[in-house]
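Visitor: Structure below; questions to follow.
The values are calculated or read from the model by the stated rules, or taken from the named source; none is laboratory data. Note that the coordinates shown come from a computational prediction; the quantities given were computed from them, not determined experimentally. Because the Cβ atoms are built from the backbone with ideal geometry, glycine has one as well, and the counts that use them run over all protein chains shown.
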Amino acid sequence: MRIAFAGTPEFSVPALEALVEAGHTVAAVFTQPDRPAGRGRRLQPSPVGQRAQEMGLSVYKPERFDAMAQAQLSEADVDLMVVVAYGLILPQAALDIPRHGCLNIHASLLPRWRGAAPIQRAIEAGDAETGVCIMQMEAGLDTGPVWRRAVTPIREADTAASVHDRLAQLGAREVVAAVPQVVEGRGRPEAQPDVGVTYARKLDKAEARVDWQEAAASIARRIRAFNPVPGAWTHCGEARVRLLDARALMTPTDAAPGTVLAHDAEGVVIATGDAALRLLCVQWPGGRAQEARVVAAERFPIGQVLT
C-alpha cells in the first residue's frame, strides 16, 4: 500500500518502522517542526523526523495542517494515512484526501480515556488494564469506529514510561494488521459505545506536586503515572525532590501527613492522609535517579515533614 504517516514523539517511531518493514511504501511523513532542545537549545528534529530521515523518507514539517500541507498529502497519492501522536489537528479536508481515510493508533481502550493523556490517566485512576485501539479517524475527538484493539495489564510496578513502551509496540503490531483490513475492505470497524466514555485531560504541572493529605494508594499511583512527565515532586526541607516510584503500604498511622516514619530495606516510609507509603526511587536537584533506601539516612531524617 502507499501510506502517509503523521507522528512526532518516540511513541510513534515503532509504528513507522513496522509499516516500512511490512513492505508498504511510506510516501510522505508529516511531523511537527524542529524544536530547541538540549543545553545549547539548538533546533532538533522530532524522533519521527529523525528516524524518517535516516530511512530516506520524504519528511514534511508544517506548523499547521493547512492548505499547503494538504496539497503535499494529496501529491503523495496514498491509499491510507496512519496518524500516531502527531500533535496537530487534522481538518476534515485532510482526513478525506487518502483513498481509504486515516487510521489513528490511540493508547487506550476506547471509549475510555479519549484525549491527551490516556496512559497517565489510566494508571492514576487505578485501571487494571489498558491497551491500544486502531481507530478510523473522524472529526470528533477520538470518537471514530475501531478496527482493532489489544489489551495489556497495568501492573503494580508499572510507570507511564513502562506502559508507554509496551503500547508503542502493541500499536505498531496492530496497525500493520489493520492496514490490509481497511484497504481491502475486510470487515467493518466497530462503533464506540456511548457508555463508558471518559476523558484524559491534558497533564498540568500544578497537579504534579504531591498532596500528602491524600490517600496512600492515590499518591502512589500518581507518582507512577507522572514518571517521567511531568514528574511528581515534593519539598524535603528546601530541596524540591522528584518522586519516581512508590508503593502504598496501607499501614494505618496517626502521624501528620508527609512525616518521614522510617527507613527500611526497600525505601523510605512516609505518612499520608490515610496510611503509610514507601518511596522507592527519588531524584534530588542536579542529581540522577536513586533508590530511596540508598539516600534515606542522609536525605530523609526521621520526623522530617515533606510538603
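Visitor: Would you point out the residue of the range 78-89, among those that are in a loop (DSSP other than H, G, I, E, B) and at pLDDT 95 or above, that is surrounded by the fewest Cβ atoms within 10 Å (Cβ to Cβ)? Even if it seems obvious, please write down each step before you answer.
Guide: Taking the range 78-89 first, the residues in a loop (DSSP other than H, G, I, E, B) are 78-79, 85-89.
Narrowing further to those that are at pLDDT 95 or above: 78-79, 85-86.
Values: 78: 24, 79: 18, 85: 20, 86: 22.
Ranking the qualifying residues of the range 78-89, first place goes to 79.
Visitor: Can I ask one more? Which residue pairs have Cβ atoms under 6 Å apart, sit 6 or more places apart or on different chains, and have a first residue in the range 17-39 that is not assigned by TED's automatic domain parsing to the domain that holds residue 89 and a second that is modelled with pLDDT of 95 or more?
Guide: Pairs that qualify, where the first residue is not assigned by TED's automatic domain parsing to the domain that holds residue 89 and the partner is modelled with pLDDT of 95 or more: there are none.
Visitor: Give the number of residues within the range 1-35 that are of a type outside the set (Asp, Glu) and more than 23 Å from residue 89 (Cβ to Cβ).
Guide: At the first step, the residues of the range 1-35 found to be of a type outside the set (Asp, Glu) are 1-9, 11-16, 18-20, 22-33, 35.
Next cut, more than 23 Å from residue 89 (Cβ to Cβ) only: 1-2, 14, 18, 20, 22-25.
Of the residues in the range 1-35, 9 are of a type outside the set (Asp, Glu) and more than 23 Å from residue 89 (Cβ to Cβ).
Visitor: Something else: What is the one condition in (1) within 17 Å of residue 157 (Cβ to Cβ); (2) in the same structural domain as residue 158 (by TED's automatic domain parsing) that residue 195 does not satisfy?
Guide: Residue 195 satisfies all of (1) within 17 Å of residue 157 (Cβ to Cβ); (2) in the same structural domain as residue 158 (by TED's automatic domain parsing) except (1).
Visitor: Sticking with this structure for a sec: May I ask you to verify whether residue 305 is modelled with pLDDT of 95 or more and more than 30 Å from residue 116 (Cβ to Cβ)? So that I can check it myself, show each step before the final result.
Guide: Details: modelled with pLDDT of 95 or more: yes; more than 30 Å from residue 116 (Cβ to Cβ): yes.
Yes: the conditions hold for residue 305.
Visitor: Say we look at the range 29-47 and pick out the residues that are out of contact with any Phe, Trp or Tyr (no Cβ under 6 Å at 6 or more places or on another chain) and crowded, with 21+ Cβ neighbours inside 10 Å; which of these is farthest from residue 103 (Cα to Cα)?
Guide: Here is the first cut: in the range 29-47, the ones out of contact with any Phe, Trp or Tyr (no Cβ under 6 Å at 6 or more places or on another chain) are 31-47.
Applying the additional criterion that residues be crowded, with 21+ Cβ neighbours inside 10 Å yields 31, 46.
Values: 31: 16, 46: 21 Å.
Per the stated criteria, the residue is 46.
Visitor: Further, regarding this structure: Within the range 215-238, can you find the residues that are in contact with a Lys or Arg (Cβ under 8 Å, 6 or more places away or on another chain) and over 17 Å from residue 121 (Cα atoms)? So that I can check it myself, show each step before the final result.
Guide: In the first step, residues of the range 215-238 are kept if they are in contact with a Lys or Arg (Cβ under 8 Å, 6 or more places away or on another chain); the result is 220, 225, 230-234, 236.
Correct list: 233, 234, 236.
Visitor: Return the residue satisfying two criteria in turn: it lies in the range 19-51 and is in contact with a Gly (Cβ under 9 Å, 6 or more places away or on another chain) and among the hydrophobic types (A, V, I, L, M, F, W, C), and of such residues it is farthest from residue 1 (Cα to Cα).
Guide: It comes out as 48.
Visitor: Step by step: first the residues of the range 55-77, then only those that are outside any loop (DSSP other than H, G, I, E, B) and of a type in the set (Gly, Ala, Ser), then the one that is nearest to residue 26 (Cα to Cα). Which residue is that?
Guide: 76
Visitor: Would you pick out the residues in the range 108-142 that are in contact with a Gly (Cβ under 7 Å, 6 or more places away or on another chain) and surrounded by fewer than 24 Cβ atoms within 10 Å (Cβ to Cβ)?
Guide: Listed by number, the residues that qualify are 109, 111, 112, 136, 137, 138, 141, 142.
Visitor: Moving to a separate point now. I'd like to know if the range 154-162 contains one or more residues that are aliphatic (A, V, I, L, M), surrounded by fewer than 22 Cβ atoms within 10 Å (Cβ to Cβ) and more than 19 Å from the chain's Cα centre (by Cα).
Guide: no
Visitor: State whether the residues of the range 215-235 include one that is over 22 Å from residue 283 (Cα atoms) and either assigned by TED's automatic domain parsing to the domain that holds residue 257 or in a helix (DSSP H, G or I) (or both).
Guide: Yes, because at least one residue in the range 215-235 is over 22 Å from residue 283 (Cα atoms) and either assigned by TED's automatic domain parsing to the domain that holds residue 257 or in a helix (DSSP H, G or I) (or both).
Visitor: Can you pull out every residue in the range 169-217 that is under 19 Å from residue 112 (Cβ atoms), of a type in the set (Gly, Ala, Ser) and surrounded by 15 or more Cβ atoms within 10 Å (Cβ to Cβ)? I'd like the intermediate steps shown before the answer.
Guide: Filtering the range 169-217 for residues under 19 Å from residue 112 (Cβ atoms) gives 170-171, 174, 189-203.
Applying the additional criterion that residues be of a type in the set (Gly, Ala, Ser) yields 171, 191, 196, 200.
The answer is 171, 200.
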